[in-house]
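Read through the structure below, which is laid out as structure tokens, and then see the notes.
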Amino acid sequence: MIEFKGIKKAFGPKVVLDGVDLVVQTGEVLFIIGASGAGKSVTVKHLIGLLRPDAGRILLDGVDITDYTEAQYFEVRKRCAMVFQNSTLFDSMTLLDNVALPIRKHRKVSLKEARRLAMEKLALVGMTAEAERYPADFGDGMRKKVAIARALTLDPDYVIFDEPTTGVDPISAAMIDKMMRRLSDEQNVTCIVISHDLRSIFGIADRVVMLYKGTTLFDGTREELRACPNGIVQQFINGEPEGPMDV
Ligand SMILES: Nc1ncnc2c1ncn2[C@@H]1O[C@H](COP(=O)(O)OP(=O)(O)O)[C@@H](O)[C@H]1O
Ligand SMILES: [Mg+2]
């Protein structure tokens, strides 16, 4: 379980998070939604120590990690892997070696064993046939899938997906959704997904949290989201240009 308690974060005069309370239950697929610039990426970066809060506490499985050192966050990042919005692969390495890289870095295994483990992760995203090819041969959707496979290499308990289906073709997007759902259902991996993709949200979310003006405006199931009477929530989920939302 992950708990964000009253997280505040400002950059200079700009207050981005103004007391975010958020609980992520073990094994669930939690979506964090909200307008562009609402602070979704900023929120999750606090979990892995890429940003430090001005106030508030962050607990990982009951342990307060807020004041961890960089060395301690290094360990946290093995348990909580993040797939960044702009996934970066090394162009000079095959897809397989890109995925094998963290295994080589963190585990004392032979190159052959690292590649075998990497192949297992590529299988999870349906990319084994392309393993020996290079990133330049592929579009955003395929590259994103490889970045996801790489995030899974150290068998994390939590995976943060920052806009995994944005800019991805519909078929790859559907595969990514299915894979996140399976990670949760079959391997009890907790998935924290930042997205505005309504099809993903209503397709696979166990729970949805909406950030607005630095706090959590909504927290509930997707059915509750659909039925939520709040005008700002409705404007967002219906993608309406006009409404009460102050963007
Ligand atoms: N390192 C940073 N320095 C200054 N401002 C930042 C930094 N990171 C994010 N911001 C600002 O914080 C706000 C929220 O950003 P972000 O969390 O990336 O939004 P989103 O909800 O789209 O993921 C934006 O206005 C952004 O410009
Ligand atoms: Mg973002």
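The values are calculated or read from the model by the stated rules, or taken from the named source; none is laboratory data. The shown structure was predicted, so the numbers you read here are calculated from the model rather than taken from an experiment. When we count neighbours, we look across all protein chains shown, and the Cβ atoms used for this are built from the backbone with ideal geometry, even at glycine. Remember, those area values only see protein heavy atoms, side chains included, never the ligands or the DNA or RNA. Shrake-Rupley method; radii C 1.70, N 1.55, O 1.52, S 1.80 Å.
The set of residues from the stretch 20-52 being more than 14 Å from residue 209 (Cβ to Cβ) and more than 13 Å from ligand 1 (Cβ to nearest atom) comprises 26, 27, 48, 49. When the residues of the stretch 96-124 are filtered to those that are modelled with pLDDT under 90 and not in a helix (DSSP H, G or I), the one that is most open to solvent (accessible area, probe 1.4 Å) is 108. What residue, among those in the stretch 42-59 that are open to solvent by 10 Å² or more (accessible area, probe 1.4 Å) and in contact with a strand residue (DSSP E or B) (Cβ under 6 Å, 6 or more places away or on another chain), is nearest to residue 226 (Cα to Cα)? The selected residue is 42. Charged (D, E, K, R) and surrounded by fewer than 18 Cβ atoms within 10 Å (Cβ to Cβ): which single residue out of 162, 177, 169 fits that description? Of 162, 177, 169, the one residue that is charged (D, E, K, R) and surrounded by fewer than 18 Cβ atoms within 10 Å (Cβ to Cβ) is 169.
Number of residues in the stretch 62-95 that are more than 16 Å from ligand 2 (Cβ to nearest atom), closer than 17 Å to residue 149 by Cα and outside any loop (DSSP other than H, G, I, E, B) equals 6. Scan the stretch 192-202 and give yes if some residue there is in a helix (DSSP H, G or I), modelled with pLDDT of 95 or more, open to solvent by 10 Å² or more (accessible area, probe 1.4 Å) and more than 21 Å from residue 117 (Cα to Cα), otherwise no. Within the stretch 192-202, one or more residues are in a helix (DSSP H, G or I), modelled with pLDDT of 95 or more, open to solvent by 10 Å² or more (accessible area, probe 1.4 Å) and more than 21 Å from residue 117 (Cα to Cα).
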